[in-house]
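Undergrad: Submitted below is the structure of interest, expressed as structure tokens.
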Amino acid sequence: MNETSPNKLTLEVYDPTGAVEVTRVHAPRLADLNGKTICEISNDSWDYYRTFPLIRELLRAQFHDLKIIPYTEFPHGVVNIDAPDIGDLVKAGGGQAAIVGNAG
């Protein structure tokens with residue numbers, strides 16, 4: 001068809017993913033864990049009751065003045081670890097960092 005043809009077809013195609021601007025991929029990282037408080041957040045996935053104590057032990061062996069608030073001090077099993085307000089839960093618990101889930 002040529003441009004003067006009445007049968008000319010024009011299609012507009014929209015990107016279904018929309019426009020997404022990522023301003024920060026991750027939260028700022030801590031320089032180290034010395035003197036920090038870490039919160040354990042669990043969604044009750046895969047043997048959390050075994051893995052969290054092991055992770056806790058390994059971290060305490062490396063960072064002697066690290067404080068860890070165990071998952072038992074937070075709501076678990078109902079926590080959506082992908083929720084945008086998970087940081088608020090950690091801050092409210094007094095943490096500067098978190099171990100959020102640990103297996104899949």
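The values are calculated or read from the model by the stated rules, or taken from the named source; none is laboratory data. Bear in mind the structure is a predicted one, so any value in this text is a computation, not a measurement. Every residue, glycine as well, gets a Cβ built from its backbone with ideal geometry; the counts of neighbours run over all protein chains shown.
Undergrad: Would you please name the residue that is farthest from the chain's Cα centre (by Cα), looking only at residues in the range 1-24 that are of a type in the set (A, V, I, L, M, F, W, C) and at pLDDT below 75?
TA: Met1
Undergrad: Related question: Residues in the range 53-68: is at least one over 20 Å from Leu89 (Cα atoms), within 23 Å of the chain's Cα centre (by Cα), basic (Lys, Arg) and surrounded by 11 or more Cβ atoms within 10 Å (Cβ to Cβ)?
TA: yes
Undergrad: Ok, one more. Please enumerate the residues belonging to the range 31-46 that are crowded, with 16+ Cβ neighbours inside 10 Å, of a type outside the set (D, E, K, R) and in a loop (DSSP other than H, G, I, E, B).
TA: Once the filter is applied, which keeps residues that are crowded, with 16+ Cβ neighbours inside 10 Å, of a type outside the set (D, E, K, R) and in a loop (DSSP other than H, G, I, E, B), the range 31-46 yields Leu33, Ser42, Asn43.
Undergrad: Right, here's the next one. Within the set of pairs 6+ apart or on separate chains, which have a first residue in the range 77-99 that is over 13 Å from Thr37 (Cα atoms) and part of a helix (DSSP H, G or I), a second that is of a type in the set (Phe, Trp, Tyr) and at pLDDT 70 or above, and C-beta atoms under 8 Å apart?
TA: Partner pairs satisfying both residue conditions: Leu89/Phe74.
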